[in-house]
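Student: Okay, handing you the structure first.
The values are calculated or read from the model by the stated rules, or taken from the named source; none is laboratory data. Remember, predicted model here, so these are calculated numbers, not experimental data. No Cβ is skipped: glycine too gets one built from the backbone with ideal geometry, and neighbour counts run over all protein chains shown.
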């Protein structure tokens, strides 16, 4: 199961990890539920290369506001704490793997 962050530990996680993928989601969001197993699989597959976490926008409103999350799911890749890239909406595992592979090189 992928770690779920809140406003308290969100910034700390970004600072402690070179490359982080954050899945901004909500419990009530259908596409988010469809993306969840993909995020969990990739979190396990890439655990030694990238930190993959989730942020519930209803529970971590400060983080969602800071990054202007207007639709979910939104996936943001952080590199050394700064935004490196992002994807919006439901995406396939192949697309996500490709983006991760591109960023870890």
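Student: Report every pair of residues separated by at least 6 positions or lying on different chains whose Cβ atoms are under 6 Å apart, first residue within the stretch 78-105 and under 17 Å from residue 25 (Cβ atoms), second modelled with pLDDT under 95 and surrounded by 14 or more Cβ atoms within 10 Å (Cβ to Cβ).
Tutor: 78/14
Student: Under the condition of being surrounded by 19 or more Cβ atoms within 10 Å (Cβ to Cβ) and touching a helix residue (DSSP H, G or I) at 6+ places or on another chain (Cβ under 7 Å), which residue from the stretch 22-37 is farthest from residue 98 (Cα to Cα)?
Tutor: Filtering the stretch 22-37 for residues that are surrounded by 19 or more Cβ atoms within 10 Å (Cβ to Cβ) and touching a helix residue (DSSP H, G or I) at 6+ places or on another chain (Cβ under 7 Å), the one farthest from residue 98 (Cα to Cα) comes out as 25.
Student: Of everything in the stretch 1-10 that's loosely packed, with under 15 Cβ neighbours inside 10 Å and in contact (Cβ under 8 Å) with a residue 40 or more places away in the chain, which residue is farthest from the chain's Cα centre (by Cα)?
Tutor: Checking each candidate, the answer is 6.
Student: Quick test for you: out of 12, 84, pick the one residue that is assigned to a strand (DSSP E or B) and either at pLDDT below 95 or touching a helix residue (DSSP H, G or I) at 6+ places or on another chain (Cβ under 9 Å) (or both).
Tutor: Of the residues listed, the single one that is assigned to a strand (DSSP E or B) and either at pLDDT below 95 or touching a helix residue (DSSP H, G or I) at 6+ places or on another chain (Cβ under 9 Å) (or both) is 84.
Student: Please go through the stretch 12-32 and give me each residue that is over 13 Å from the mean Cα position of the chain (by Cα) and within 17 Å of residue 69 (Cα to Cα), ordered by number.
Tutor: 27, 28, 29, 30, 31
Student: Within the stretch 44-64, is even one residue touching a helix residue (DSSP H, G or I) at 6+ places or on another chain (Cβ under 8 Å), on the phi > 0 side of the Ramachandran plot and either surrounded by 15 or more Cβ atoms within 10 Å (Cβ to Cβ) or outside any strand (DSSP E or B) (or both)?
Tutor: The answer is no; no qualifying residue exists.
Student: Kindly indicate whether residue 76 is outside any loop (DSSP other than H, G, I, E, B), at negative phi and in contact with a helix residue (DSSP H, G or I) (Cβ under 6 Å, 6 or more places away or on another chain).
Tutor: no
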